[in-house]
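A.B. asks: Here it is, the structure, as structure tokens.
The values are calculated or read from the model by the stated rules, or taken from the named source; none is laboratory data. Being a predicted model, the structure only gives us computed values, none of them experimental. Positions of Cβ are backbone-derived with ideal geometry, glycine not excepted, and every protein chain shown enters the neighbour counts. The protein model used for the area step is the full one, side chains on, heavy atoms only, and it has no ligands, DNA or RNA in it. Shrake-Rupley method; radii C 1.70, N 1.55, O 1.52, S 1.80 Å.
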Amino acid sequence: MTAQDTQVLVATDIIKTFGEGDNATQVLRGVSATIARGEFVALVGPSGSGKSTFLSIVGTLLKPSGGALRIAGEDVLGLHERALSEVRNRHIGFVFQFHHLLEDFTAIENVLMPVFGAHTRVTGGFIERAHDLLERVGLADRVSFRASKLSGGQKQRVAVARALVMKPELVLADEPTGNLDRKSSDEVLRLLRELSRDEGTAFFISTHDPSIAQRCDRILTMVDGRLTG
Ligand SMILES: Nc1ncnc2c1ncn2[C@@H]1O[C@H](COP(=O)(O)OP(=O)(O)OP(=O)(O)O)[C@@H](O)[C@H]1O
Ligand SMILES: [Mg+2]
């Protein structure tokens, strides 16, 4: 294995400009970061500094204006949408501040959504994994509950299980505990750490909560479109 293979994410000199001409605003001004397999990394910084923009680019949901990006050893910026969505489905899991569950679907159906999205057959193996993950996040007795019948903290735990169902190497979480009270937020972080340790998944988590950041292996700080440390 080469040194590069141990890095699940290598972002080099990422630039992002929104708008054109006089209205152009450079939001990311040359951001470089690497995340190794299994690493647990926080992304902090003031509101508007570019954290969500950077996570969207790393998650291949948004194209940068410049720079290079490797995900699990693959150079992704040259890929067409179809190949890109395959990389995204196979290697990346997402947890957002707002869980984005489908309210009319059950907990387990929500966890299985990425499998449907990847156009992969929902085999017994995936169903078993979805059950296991729901059990891991403490929702064994809520598997068949509709999402609309779950509390905010429970929904966020379903979202964590959903992010992991495809066994991604990298999970991107944009303020995953932003809407939770202290206790639920500590609980979600504890779960993420546990799953990261057990499955070797890397996590990249933006947060405004210092107590969450302090429990990560490493903290990256974004200020005005640049990483300062
Ligand atoms: N689609 C867009 N078009 C134009 N400007 C945008 C767009 N998306 C984000 N921006 C601008 O980019 C800057 C960075 O936004 P971003 O959402 O990345 O910040 P953030 O660090 O995640 O902030 P927060 O902590 O509040 O979530 C902001 O000034 C924002 O207005
Ligand atoms: Mg943000």
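A.B. asks: Examine the stretch 9-16 for a residue that is at pLDDT 95 or above, assigned to a helix (DSSP H, G or I) and either within 15 Å of the chain's Cα centre (by Cα) or within 14 Å of ligand 2 (Cβ to nearest atom) (or both), and state whether such a residue exists.
C.D. replies: no
A.B. asks: Can you tell me which residue is surrounded by the most Cβ atoms within 10 Å (Cβ to Cβ) among those in the stretch 86-121 that are modelled with pLDDT under 90 and either over 17 Å from Val171 (Cα atoms) or small (Gly, Ala, Ser) (or both)?
C.D. replies: Within the stretch 86-121, the match that is surrounded by the most Cβ atoms within 10 Å (Cβ to Cβ) is Ala118.
A.B. asks: Cβ contacts < 7 Å: first residue among the small types (Gly, Ala, Ser), restricted to the stretch 119-131; second residue not in a helix (DSSP H, G or I), any location; separation 6+ or different chain. Result?
C.D. replies: Once the first residue is among the small types (Gly, Ala, Ser) and sits in the stretch 119-131, its partners that are not in a helix (DSSP H, G or I) give Ala130/Val165.
A.B. asks: Checking the condition part of a helix (DSSP H, G or I) and in contact with a Gly (Cβ under 7 Å, 6 or more places away or on another chain), which residue from Arg197, Arg157 passes?
C.D. replies: Just one listed residue meets the conditions, Arg157.
A.B. asks: Sticking with this one: Can you tell me which condition Ser49 does not meet? The list is (1) in a loop (DSSP other than H, G, I, E, B); (2) modelled with pLDDT under 95, and all the others hold.
C.D. replies: (2)
A.B. asks: Between a first residue in the stretch 159-181 that is farther than 17 Å from Phe126 by Cβ and a second residue that is within 13 Å of ligand 1 (Cβ to nearest atom) and in a helix (DSSP H, G or I), which pairs have beta carbons less than 7 Å apart while being 6 or more apart in sequence or on different chains?
C.D. replies: Sorted first by the residue in the stretch 159-181, then by its partner, the pairs are Leu172/Leu55; Leu172/Val58; Asp174/Ser52; Asp174/Leu55.
A.B. asks: Looking at the stretch 160-185, which of the residues that are assigned to a helix (DSSP H, G or I) and at pLDDT below 90 is most open to solvent (accessible area, probe 1.4 Å)?
C.D. replies: Among those residues, the one meeting the criterion is Lys183.
A.B. asks: Given Val27, Val44, Val95, Val76, which one is touching a helix residue (DSSP H, G or I) at 6+ places or on another chain (Cβ under 6 Å) and under 30 Å from Phe145 (Cβ atoms)?
C.D. replies: Matching residue, one of Val27, Val44, Val95, Val76: Val95.
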